[in-house]
1. Inspect segment 85-106 for any residue being more than 25 Å from Met1 (Cα to Cα) and surrounded by fewer than 16 Cβ atoms within 10 Å (Cβ to Cβ) and give the result as yes or no.
2. Pairs under 6 Å by beta carbon, first residue more than 19 Å from Met1 (Cβ to Cβ) in segment 21-32, partner part of a loop (DSSP other than H, G, I, E, B) and among the charged types (D, E, K, R), six or more apart or different chains?
3. Within segment 1-48, take every residue that is among the charged types (D, E, K, R) and under 12 Å from the mean Cα position of the chain (by Cα) and give me the one that is nearest to Gly93 (Cα to Cα).
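Every number in this text was worked out from the coordinates using simple rules, so none of it is lab data. Model, not experiment: these values are computed from the prediction. When we count neighbours, we look across all protein chains shown, and the Cβ atoms used for this are built from the backbone with ideal geometry, even at glycine.
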Amino acid sequence: MVRLALTTCPDESSAKALANALVERGVAACVTCLPGAHSVYRWQGRLCDDAEVQLLIKTTEARAASLQDVVAELHPYDEPELIILPVTGGSQGYLQWIEDELADTARD
């Protein structure tokens with residue numbers, strides 16, 4: 001089953017590096033990097049207001065745990081956002097491409 005994982009990075013350079021690593025390591029079929037995100041949050045008791053790059057990571061249920069490991073290893077934040085959502089519908093051809101792309105990538 002296909003999953004959509006979400007994370008943010010502080011800039012385009014780190015977003016691109018993480019996206020490349022996720023695809024190269026076979027834990028994501030595709031990562032879309034959306035610059036121009038803006039996050040307001042509280043961190044360690046301080047109000048933060050930061051520009052970020054939103055990453056939309058397409059993966060599978062079978063690769064989600066490995067994806068989480070790679071994000072934990074390579075993400076520049078101390079505690080990166082990582083939310084993994086089930087995909088319940090969409091273009092069947094595209095969803096099958098994700099499944100096929102990651103079926104042959106046991107690169108842990």
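1. no
2. Arg25/Arg107
3. Arg3
Here's the yes/no breakdown for (1) hydroxyl-bearing (Ser, Thr, Tyr); (2) closer than 22 Å to Asp100 by Cα; (3) outside any loop (DSSP other than H, G, I, E, B); (4) touching an Asp or Glu at 6+ places or on another chain (Cβ under 6 Å):
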residue: Thr8; (1), (2), (3), (4): yes, no, yes, yes
residue: Pro35; (1), (2), (3), (4): no, no, yes, yes
residue: Asp49; (1), (2), (3), (4): no, no, yes, no
residue: Val53; (1), (2), (3), (4): no, no, yes, yes
residue: Ala62; (1), (2), (3), (4): no, yes, yes, no
residue: Gln68; (1), (2), (3), (4): no, yes, yes, no
residue: Asp78; (1), (2), (3), (4): no, no, no, no
